[in-house]
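The values are calculated or read from the model by the stated rules, or taken from the named source; none is laboratory data. Worth saying up front: this structure is predicted, and the values here are computed from it rather than measured. Every residue, glycine as well, gets a Cβ built from its backbone with ideal geometry; the counts of neighbours run over all protein chains shown.
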């Protein structure tokens, strides 16, 4: 059979949709060029194609696993997270088996895992990166000892598996043919098993010399800080963190989970100043780019040491109701946590509660220690009445 390819002036091949294609490593498997969204198997990339959505689709001949009864993610919920295509429907049983293999039953962990898979595969489309492996040449930390290793052991699968060393580890734990036939990792039946194995062990794909961090579920407590920690462990950089956050927030919403809180890491220091490791977007004041584990956007958010007088005027009228009054107290407590409260040389706090009449619950000089202030705020009772904000403000002045 004579196959004629047409080419553009830049060397990119024009329409090849429907033509036969082959894997790059023996024993060679064949498939057909098609849209990635229509491929139920391995989506192998070819950088000479003009249309990046066209892949060499090689069918997965493995038995389709049954849906695990202990994982409660319906087909519809899954499709709402990843999109409804021929490909995503075909991947569903293998995705569910990966959740089961990794012991993921909490919705928080499932949402985090799904977002990492979506990022790795550009929305569940590709199970092999589109590169000749130039960036991996000579990378001894990846185990690439031969020139051909860089291309042979590029990133494949549904979580990144990169470098000869990682392929060897996966060979012993997942499939003993992986090093000879690395494109097996692009098949759903193998790639999702590799993803579950990576998740359980926490291996680093960017530096194979690093020690595995253990089950990545420990980074799935539902906070933005923990999600960045997870992303650094899986992806090894934060270049695509905004895209990862988009996938994650969408998955949380589909699974019926609330918007994530900011969260924070361990205590940190910069010179004589101390603070908390936080995302730069969570830090309301001064911060340092050093002092915390991990790259940006994790920073050392320094405690506010400037002394101020901080007065709160809290509405306790009948229209507020007890539940909202408690929310107001919690907000005041959170604000106070940012300050170095002490008397007489630190920040001082006073609070007025009002309804029909204002009441000074405590003044600037009432408490000496920060914890005493926080305890006093927690103990303020709700007392319904009218809403005389004017009198409260006059009392504050």
For segment 166-189, how many residues meet the condition of being in contact with a helix residue (DSSP H, G or I) (Cβ under 7 Å, 6 or more places away or on another chain), crowded, with 22+ Cβ neighbours inside 10 Å and in a helix (DSSP H, G or I)?
-> 6
Somewhere in segment 58-67, is a residue in contact with a strand residue (DSSP E or B) (Cβ under 6 Å, 6 or more places away or on another chain) and more than 30 Å from residue 218 (Cβ to Cβ)?
-> yes
Taking the stated definitions as given, is residue 363 farther than 30 Å from residue 242 by Cβ, in contact (Cβ under 8 Å) with a residue 40 or more places away in the chain and touching a strand residue (DSSP E or B) at 6+ places or on another chain (Cβ under 6 Å)?
-> no
Selection from segment 361-375 of residues that are more than 38 Å from the chain's Cα centre (by Cα) and under 16 Å from residue 328 (Cα atoms) = 361
Name every residue in segment 366-387 that is over 14 Å from residue 311 (Cα atoms), in contact with a strand residue (DSSP E or B) (Cβ under 8 Å, 6 or more places away or on another chain) and modelled with pLDDT under 95, in order of residue number.
-> 368, 369, 370, 383, 387
Please verify whether segment 206-215 includes one or more residues that are touching a residue at least 24 places away in the same chain (Cβ under 8 Å), more than 23 Å from residue 96 (Cβ to Cβ) and in contact with a strand residue (DSSP E or B) (Cβ under 9 Å, 6 or more places away or on another chain).
-> no
What single numbered condition from (1) surrounded by 20 or more Cβ atoms within 10 Å (Cβ to Cβ); (2) in contact (Cβ under 8 Å) with a residue 60 or more places away in the chain; (3) in contact with a strand residue (DSSP E or B) (Cβ under 8 Å, 6 or more places away or on another chain) fails to hold for residue 195?
-> (3)
Please enumerate the residues belonging to segment 124-158 that are assigned to a loop (DSSP other than H, G, I, E, B), in contact with a helix residue (DSSP H, G or I) (Cβ under 6 Å, 6 or more places away or on another chain) and more than 27 Å from residue 89 (Cβ to Cβ).
-> 132, 133, 137, 143, 144, 153
Just a yes or no: is a residue in segment 316-337 over 40 Å from the mean Cα position of the chain (by Cα), modelled with pLDDT under 90 and either surrounded by fewer than 15 Cβ atoms within 10 Å (Cβ to Cβ) or under 30 Å from residue 288 (Cβ atoms) (or both)?
-> no
Which listed residue, of 204, 210, is part of a loop (DSSP other than H, G, I, E, B), modelled with pLDDT under 95, crowded, with 19+ Cβ neighbours inside 10 Å and out of contact with any helix residue (DSSP H, G or I) (no Cβ under 6 Å at 6 or more places or on another chain) | 204
Just a yes or no: is a residue in segment 283-305 under 30 Å from residue 123 (Cα atoms), surrounded by 17 or more Cβ atoms within 10 Å (Cβ to Cβ) and in contact (Cβ under 8 Å) with a residue 24 or more places away in the chain?
-> yes
Residues of segment 341-358 classified as closer than 13 Å to residue 314 by Cα and surrounded by fewer than 15 Cβ atoms within 10 Å (Cβ to Cβ), total | 2
Pick out the one residue from 309, 340, 315 that is in contact (Cβ under 8 Å) with a residue 60 or more places away in the chain, in contact with a strand residue (DSSP E or B) (Cβ under 7 Å, 6 or more places away or on another chain) and farther than 30 Å from residue 239 by Cβ.
-> 315
Whichever residue in segment 235-255 is part of a loop (DSSP other than H, G, I, E, B) and in contact with a helix residue (DSSP H, G or I) (Cβ under 9 Å, 6 or more places away or on another chain) and, among such residues, is surrounded by the most Cβ atoms within 10 Å (Cβ to Cβ) | 255
